[in-house]
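**Student:** Handing you a structure now.
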Amino acid sequence: MRLIGEISYVRNEEDKENEGVPPMSLPPPPQQTLVVGYALTSKKVKSFFQPKLEALARKKGIVFVAIDESRLLLDQGPFDIILHKLTGKEWQQVLEDYMENHPEVTVLDPPAAIQRLYNRQSMLQDVADLNLSNCYGKVGTPRQLVITKDSSSMIPDAVSKAGLALPLVAKPLVVDGSAKSHELSLAYDEFSLSKLDPPFVLQEFINHGSGVLFKVYIVGEAIKVVRRFSLPDVSKRELLSSTGVFQFPRVSCAAASADDADLDPSIAELPPRPLLEKLARELRRRLGLRLFNIDIIREHGTRDGFYVIDINYFPGYSKMPGYDHIFIDFLASMARSKFKKRLSSGN
């Protein structure tokens, strides 16, 4: 059975504000240039700035300008928006100084807020604290344990004290954008974990329907969901007969798309829209971010039991179908919001 593999939920806050307002009650903003400065890795620049996105940007009056890292940011611009995904304390300080001196510029997103997603110990804390449950389902996080260098020789005891159940997924503690930071290992016994290099996080592995993962992209108020293949389920027989730690390359990438696969509908069914909307809305507020994606799995054998296993800042949006229209619409909506604020302030 071939299933449609993506669904979009796009509704801007501005649209909500304008409900019931006659079309001509607000004057249309003149075509003004929106200058978006960007500080991205060369890899991100190559993947993100596709010809279609750039063409759509020109039609909307949006100009992208590369930020020169060799020069003081305060000497560059002027910018309306800064788009960035660089790591390091030095860059974080540069951005924070710029934000203090230019509060009128929108920085996507605040570096201090992004920093929480670069550490898997804090990454999922807001989801766990949210404890989201309603008539559409329940969203939680797998139980996890942080292993540091100092405790690497005591892993079996640490796992036992934490009460974690096998198998366990081991992920690097720090997410720095490298391919290595997205690699993971599946451990069938805790004694074999001593072969791995700490620091890392251990998460309880949850069978999720032949290894199907839902990648939920967030761009402002817009939500788009695609299916990806993940790690296969582990049977009780396999768990009893297997030992060791098995390493896996990066999973859930675009090459592992499950959108066209012949899947059981109960496995492939997307999470309910209202549940995702509430989760996205709460995480935007709690994280203070507008550009991120959530990796979600459905516990095998359930229809409404979901777990968030990863959150990534400014993910590979070019792998998201229709990303160019969604992203440019998002930037255009920010331009309209800026224009309305200027009108209301009389500037």
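The values are calculated or read from the model by the stated rules, or taken from the named source; none is laboratory data. Note that this is a predicted model, so its numbers are computed, not measured. We place every Cβ from the backbone using ideal geometry, glycine too, and count neighbours over all the protein chains shown. Accessible surface is based on the protein model in full, side chains and every heavy atom, while ligands, DNA and RNA are left aside. Shrake-Rupley method; radii C 1.70, N 1.55, O 1.52, S 1.80 Å.
**Student:** If you scan segment 216-226, which residues turn out to be open to solvent by 10 Å² or more (accessible area, probe 1.4 Å) and either out of contact with any Pro (no Cβ under 9 Å at 6 or more places or on another chain) or of a type in the set (S, T, N, Q) (or both)?
**Tutor:** Scanning segment 216-226 gives a single hit, Glu221.
**Student:** Considering only segment 182-196, how many residues are free of Cβ contacts under 8 Å to residues at least 40 places away in the same chain and surrounded by fewer than 16 Cβ atoms within 10 Å (Cβ to Cβ)?
**Tutor:** Narrowing segment 182-196 to residues free of Cβ contacts under 8 Å to residues at least 40 places away in the same chain: 190-191.
With surrounded by fewer than 16 Cβ atoms within 10 Å (Cβ to Cβ) added as a condition, the list becomes 191.
Going through segment 182-196 one residue at a time, the tally reaches 1.
**Student:** Still on this structure, please answer the following. So which residues in segment 130-181 are at pLDDT 95 or above and basic (Lys, Arg)?
**Tutor:** Passing the criteria: Lys138, Arg143.
**Student:** So, in segment 201-215, exactly how many residues are part of a strand (DSSP E or B), within 17 Å of Glu269 (Cα to Cα) and open to solvent by 10 Å² or more (accessible area, probe 1.4 Å)?
**Tutor:** 1
**Student:** Within segment 129-154, can you find the residues that are aliphatic (A, V, I, L, M), open to solvent by less than 50 Å² (accessible area, probe 1.4 Å) and assigned to a helix (DSSP H, G or I)?
**Tutor:** Scanning segment 129-154 gives a single hit, Leu130.
**Student:** So, in segment 50-81, of the ones that are under 15 Å from Asp329 (Cβ atoms) and touching a helix residue (DSSP H, G or I) at 6+ places or on another chain (Cβ under 8 Å), which residue ends up most open to solvent (accessible area, probe 1.4 Å)?
**Tutor:** Lys52
**Student:** Just a yes or no: is a residue in segment 268-279 hydrophobic (A, V, I, L, M, F, W, C), out of contact with any Phe, Trp or Tyr (no Cβ under 7 Å at 6 or more places or on another chain), at pLDDT below 95 and surrounded by 17 or more Cβ atoms within 10 Å (Cβ to Cβ)?
**Tutor:** Yes, there is a match, as at least one residue in segment 268-279 is hydrophobic (A, V, I, L, M, F, W, C), out of contact with any Phe, Trp or Tyr (no Cβ under 7 Å at 6 or more places or on another chain), at pLDDT below 95 and surrounded by 17 or more Cβ atoms within 10 Å (Cβ to Cβ).
**Student:** Scan segment 228-267 for residues that are at pLDDT 85 or above, open to solvent by less than 50 Å² (accessible area, probe 1.4 Å), outside any strand (DSSP E or B) and more than 14 Å from Gly209 (Cβ to Cβ) and report the count.
**Tutor:** So the count comes out to 2.
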